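Just so it is clear, none of the values below were taken in a lab; they were calculated from the coordinates. Nothing here was measured: the structure is a model prediction, and the numbers come from that model. Using ideal geometry, Cβ is built from the backbone for each residue, glycine included, and neighbour counts are taken over all protein chains shown.
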Amino acid sequence: MNRSVKLNDDIYWVGVNDRETDIFEALWPLEKGISYNSYLIVDEKTALIDTVKSNFHDSYIAKIEDILGDKKLDYLVINHMEPDHSGDIKAIKERYPELKIVGNKKTVDFLEGFYNISEGLEIVGNGDTIDLGNRKLEFHLTPMVHWPETMMTYDTKDKVLFSGDAFGSFGALNGGVFDDEIDTDYYDDEIIRYFSNIVGKYSRMVQKALDKLSDLSIEVVASTHGPVWRENPEYIIDFYDRLSSHQAEDGVVVVYGSMYGNTKLMAERIARSIAENGIKNVVVYDAARSDNSYMISDIWKYKGVIIGSCAYNTKVFPPVESLLSALANRKLSDRYLGIFGSYSWSGGGVKGIKKFSNNNKFELLKPVIEAKHSPDDDKYQKCDELGKNMAEKILE
Ligand code: FEO
């Protein structure tokens with residue numbers, strides 16, 4: 001969008017859409033793009049909340065200049081220093097050299113390290129405010145949602161929570177910026193994928209932040225990514241509450257790594273058994289041909305996961321190992337887990353997944369199945385049994 005959008009009489013969305021970056025953080029596919037949301041408040045004093053990725057400077061600054069005209073920019077509030085939001089700080093400061101950059105003690109190190117900025121700062125602590133005239137901006141420190149310096153900014157007049165990455169989503173804004181302008185279903189899976197890929201590791205800190213914010217009256221949630229929630233802010237707050245407390249929906253993800261097709265045969269048999277036993281949401285992934293981003297997201301979404309691997313050089317098949325490592329890093333808990341696999345001359349695949357199971361808070365279901373060479377009738381029956389046990393657990 002090449003023009004600003006009014007959130008209300010005094011607040012403007014001045015963000016940008018990124019449809020050019022293929023992989024966010026050089027890891028996560030952006031098939032629907034992403035927005036970098038920034039907001040401009042025009043009161044007796046003016047404040048810009050967060051910036052955008054530096055590639056988008058020209059269209060970004062044009063929107064700000066169009067709104068401010070001859071007015072100066074008094075404050076630039078930095079809720080989060082990851083470069084998708086801090087990237088344009090230096091350019092904004094050059095355009096408005098008198099502005100004060102507002103951050104907390106932990107912001108300072110990032111500002112100096114990334115952008116060599118150490119002057120013109122206003123350091124705030126939890127609960128501090130700055131006065132813009134008809135409203136105050138109140139700062140709530142929410143460390144590790146997603147980096148140590150992350151904080152949120154609350155507008156006391158219009159009750160807007162500028163939340164940084166929290167309550168964000170992948171997916172560019174396709175014309176509609178506000179939840180009342182769009183079919184929000186479009187974003188549901190991208191909210192889960194964004195949360196599980198980017199913020200999920202810090203679930204405990206998200207829960208702390210939600211607790212801390214619970215006394216605030218919030219009428220608008222304005223995140224740095226995805227839609228602005230002004231009609232139904234509870235929707236996204238509740239969504240994040242469920243995701244960060246690791247609640248899940250009925251459904252099972254079956255992931256397999258298979259070199260010669262034998263582990264794949266077992267995966268197909270298990271998936272069929274799950275479906276036959278009443279589970280409608282069954283997602284099967286070939287780990288070698290699927291991106292971790294989507295597998296992590298669906299495993300976050302559903303209650304059950306069944307992981308299979310062939311043995312590769314006496315270990316877990318590398319694409320499956322990569323997924324296990326990503327799950328362990330995120331400390332996802334409270335899922336039912338099934339394990340299966342095959343080998344030709346040495347084990348290693350199933351053994352490695354068992355090790356993952358021992359170190360993570362997943363409930364392991366029986367039977368664990370390992371076939372030598374190819375599955376025989378006995379192994380297939382065990383696949384049926386595992387699928388049935390999983391379905392029964394999900395439906396309990
Ligand atoms: Fe959207 Fe943690 O940056």
With loop defined by DSSP as not H, G, I, E or B, and exposure as at most 15 other Cβ atoms within 10 Å, which is the longest segment of the chain clear of exposed chymotrypsin sites (Phe, Trp or Tyr not before Pro)? 1-259
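Return the percentage of antiparallel bridges among DSSP beta bridges fully within the range 137-199, rounded to the nearest 5 %.
Details: 8 of 8 bridges.
Once the DSSP bridges in the range 137-199 are tallied, antiparallel ones form about 100 percent.
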Run through the DSSP bridge list for the chain and note the antiparallel percent, rounded to the nearest 5. 40
What is the helix-to-structure angle for 349-359, meaning the angle in degrees between its Cα long axis and the longest Cα principal axis of the chain, kept from 0 to 90 and rounded to the nearest 10? 50
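Please list, by residue number, every one of the trypsin sites (Lys or Arg not before Pro) in the range 258-341 that is coil in DSSP and has at most 12 other beta-carbon atoms within 10 Å.
Numbers: sites: K264, R269, R272, K280, R289, K301, K303, K315, R330, K331, R335; in loops: K280, K331.
Sparse-neighbourhood loop trypsin sites (Lys or Arg not before Pro): K280.
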Please determine, in degrees from 0 to 90 and to the nearest 10, the orientation of helix 185-194 with respect to the longest principal axis defined by the Cα atoms of the chain, where the helix direction is its Cα long axis. 80
Would you calculate, for the chain, the mean residue ellipticity at 222 nm contributed by helices, counting each DSSP H stretch of 4 or more residues as -39,500 (n - 2.57) and dividing by all residues, to the nearest 500? -10500 deg cm²/dmol
With axes computed from alpha carbons, what is the tilt in degrees of helix 262-276 against the longest principal axis of the chain, rounded to the nearest 10 within 0 to 90? 80
Karplus couplings for the range 43-55 from phi (6.51 cos²θ - 1.76 cosθ + 1.60, θ = phi - 60°), rounded to Hz, Gly and Pro as x? 10, 4, 10, 10, 9, 9, 9, 6, 10, 9, 4, 4, 4
For the range 54-78 and the range 143-218, compute the distance between their C-alpha centroids and round to whole Å. 23
Set the bar at 27 Å for Cα to Cα. Now go through K63/K301; K71/K106; K45/K90 and name every pair that lies beyond it. K63/K301; K71/K106
Expected vector for the range 81-91, Karplus 3J(HN,Hα) from phi with 6.51, -1.76, 1.60 and θ = phi - 60°, integer Hz, x for Gly and Pro, equals 9, 4, x, 5, 10, 9, x, 9, 4, 4, 5
Name the long-range amide H neighbours of V228: under 5 Å, sequence gap of 5 or more, or other chain; modelled H, no Pro or chain starts. F178, D179
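Order of V284, V220 from fewest to most other C-beta atoms within 10 Å? Could the numbers behind the result be given before it?
On the way: V284 17, V220 21.
Going from least to most buried by this count: V284, V220.
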Calculate the length of the line joining the C-alpha centroid of the range 321-396 to that of the range 239-299, in whole Å. 12
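Among C310, C383, which comes first, second and so on when ranked by fewest other beta-carbon atoms within 10 Å? Intermediate results must be reported in sequence, preceding the final value.
Numbers: C310 24, C383 27.
Listing C310, C383 from fewest to most nearby Cβ atoms yields C310, C383.
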Using the charge dipole of the chain (Lys, Arg: +1 at Cβ; Asp, Glu: -1 at Cβ; taken about the Cα centre), state which of H57, I123, N389 has its Cα farthest towards the positive end. N389
Over the chain - Rg/Rh using Cα atoms and the Kirkwood inverse-distance radius: 1.06
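Quick one: M266, M144, fewest Cβ neighbours within 10 Å first, how do they rank?
Fewest-to-most ranking of M266, M144: M144, M266.
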